[in-house]
Amino acid sequence: MGSERTEIRKRQMATTPETPGAAQAQLSTGNRGSNACCFCWCCCCSCSCLTVRNQEEERARRTSHELQAEGIPNCEESPAPTLEEVNAWAQSFDKLMLTPAGRNAFREFLRTEFSEENMLFWMACEELKQESNKSVIEEKARLIYEDYISILSPKEVSLDSRVREVINRNMLEPSQHTFDDAQLQIYTLMHRDSYPRFMNSAIYKDLLQSLSEKSTEA
């Protein structure tokens, strides 16, 4: 009886052998599964998807740093506005935009609303109109397009599809008037949307009050 049991046990062990190679393969598979990333099961922690993720995070940090390094562009040089000038700004948007002091004050307000790019684009278009050298015009037009028209730019201005199509056609042969339609659209946007809020802002009211007090003291 004992010999029969021994024989049966030997037969069972012979039919289910566990080789060291198989055990090592199972262990290796288990380790890969525990270290797998979100995209695959068969790679280690240094897989390509983690590398791509690290590169994207580094690119985002670098882009943020570069934008901060650019800083805020300098405002136009101009004498301090008079009380008469500041009062005139309330009469019309055209009068506000007519003087450097008015544009500087309005631009400071736009900065608080994170829409300063509208003024920067409008000013860049005005500067382009003053150029006569063909090569300079082409270079400035290219820069304006990259800075304010391209969808990849962080300073992209809001334009409708019709105006964008006009710009794309004009860029085939850039001129001083390549962005005229776009400039008018942004001017109208600032007039209708931002200008009323500027007139009710602390920036304008504080400036008006300060000049009024100085005028009274004088």
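Name every residue in region 123-165 that is part of a helix (DSSP H, G or I), within 20 Å of Q185 (Cβ to Cβ) and open to solvent by less than 30 Å² (accessible area, probe 1.4 Å), in order of residue number. Walk me through how you get there before you give the answer.
The first filter runs over region 123-165 and keeps only residues part of a helix (DSSP H, G or I), leaving 123-129, 134-149, 161-165.
If we keep only those that are within 20 Å of Q185 (Cβ to Cβ) too, we end up with 123-129, 140-141, 143-149, 161-165.
Within region 123-165, A124, C125, L128, A141, I144, Y148, I149, V163 qualify.
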Verdict on H177 being under 21 Å from W89 (Cα atoms) and modelled with pLDDT of 95 or more: no
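Within the bounds of region 194-204, is there any residue that is open to solvent by 40 Å² or more (accessible area, probe 1.4 Å), over 24 Å from V136 (Cα atoms) and either in a loop (DSSP other than H, G, I, E, B) or in contact with a strand residue (DSSP E or B) (Cβ under 8 Å, 6 or more places away or on another chain) (or both)? So that I can check it myself, show each step before the final result.
Going through region 194-204, the residues open to solvent by 40 Å² or more (accessible area, probe 1.4 Å) turn out to be 196-197, 200, 202-203.
From what is left, the residues that are over 24 Å from V136 (Cα atoms) are 196-197, 200, 202-203.
Among the residues that remain, those that are also either in a loop (DSSP other than H, G, I, E, B) or in contact with a strand residue (DSSP E or B) (Cβ under 8 Å, 6 or more places away or on another chain) (or both) are: 200.
Yes - at least one qualifying residue is present in region 194-204.
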Is one or more of the residues making up region 163-177 in contact (Cβ under 8 Å) with a residue 12 or more places away in the chain and either among the acidic types (D, E) or within 24 Å of F109 (Cβ to Cβ) (or both)? no
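The values are calculated or read from the model by the stated rules, or taken from the named source; none is laboratory data. Everything numeric in this text was worked out from a predicted model, so none of it was measured. In this analysis, Cβ positions are derived from the backbone assuming ideal geometry, glycine residues included, and neighbour counts consider all displayed protein chains. With ligands, DNA and RNA removed, areas are computed over all heavy atoms of the protein, side chains included. Shrake-Rupley method; radii C 1.70, N 1.55, O 1.52, S 1.80 Å.
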